[in-house]
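Notes for the one structure printed next.
The values are calculated or read from the model by the stated rules, or taken from the named source; none is laboratory data. Just so you know, these numbers come straight off a predicted model, no measurement behind them. Note that we place each Cβ from the backbone using ideal geometry, even for glycine, and neighbour counts take in every protein chain shown.
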Amino acid sequence: MNTIRVVIADDHPIERRGICLILEETPGIEVVAEAADADQAVAAVAAHRPDVLITEMGLPGRSGLDLAERVTREFPRTQTLVLSMRASRSHARLAMAMGALGYLAKNVDASEYAAAVRAIARGESYVALPAAGPPAAEREQPDHAGERNPASLTPRQLWVLKLVAEGLTSKAVARRMGISTRTVEVHRRQIMQRLRIRDLAGLVRYAIRNKLIDERGEDPPRRT
């Protein structure tokens, strides 16, 4: 079996080193580079073309979610594993919608790190969350002031929103609905204007909050 080559992006040196130590003790996994922010991570991925990028969700500047989306787009052979202190299915689904193939809450057992790296290197999705969920103080706080009710959207716009939130690209949505990619983009802009949402991550969170997409226990879908 070929060695799985990994880049780690985390702005906390101690945590980054801890992940390195866990993986370096695992046969068949090699950490080839480390990064403290998204720009360094992109440079490392471009230089080393790793099998797996592990990124903290809350990187300074551009987030780990933005990084996952960019790496998926520019380096499709590199799979992304997102780490976060937020142990929720909604955050896992959000990470997957942005291009990640795996999601780990940081307080899972150390053995989950190697298991996740191996799984996503094979092209399999992997999500690990603590069974008890996050402490009350760490649970996601509402960030949707000013958003409008889904009833403000047309049936076709609701369909577009649902498909986008499930992780489909505009091209894939167009194929599913039998319309042009340009029409999908127009709908998407109108949806964001009507709901007062500024980015894709916000659309996914909105769809989850309003139960427009299923949030059952199975692994979230990846962007196609």
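Worth a mention:
A quick yes/no check of all residues on (1) surrounded by fewer than 22 Cβ atoms within 10 Å (Cβ to Cβ); (2) more than 23 Å from residue 130 (Cα to Cα); (3) without any contact (Cβ under 8 Å) to a residue 12 or more places away in the chain; (4) not assigned by TED's automatic domain parsing to the domain that holds residue 109:
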{"position": "21", "(1), (2), (3), (4)": "yes, no, yes, no"}
{"position": "33", "(1), (2), (3), (4)": "yes, yes, no, no"}
{"position": "43", "(1), (2), (3), (4)": "yes, yes, yes, no"}
{"position": "46", "(1), (2), (3), (4)": "yes, yes, no, no"}
{"position": "50", "(1), (2), (3), (4)": "no, yes, no, no"}
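- For the stretch 63-104, the candidate set comprises residues that are among the polar types (S, T, N, Q) and not in a strand (DSSP E or B); within that set, the residue that is farthest from residue 119 (Cα to Cα) is 63.
- Test result for residue 31, over 15 Å from residue 102 (Cα atoms), assigned to a helix (DSSP H, G or I) and of a type in the set (A, V, I, L, M): no
- Residue in the stretch 129-143 that is in contact with a strand residue (DSSP E or B) (Cβ under 7 Å, 6 or more places away or on another chain) and either crowded, with 16+ Cβ neighbours inside 10 Å or at pLDDT 80 or above (or both) present: yes
- Subset of the stretch 178-210 that is surrounded by fewer than 16 Cβ atoms within 10 Å (Cβ to Cβ) and aliphatic (A, V, I, L, M) - its residue that is farthest from residue 150 (Cα to Cα): 179
- Under the condition of being within 16 Å of the chain's Cα centre (by Cα) and either in contact (Cβ under 8 Å) with a residue 40 or more places away in the chain or assigned to a loop (DSSP other than H, G, I, E, B) (or both), the residues counted in the stretch 122-131 number 6.
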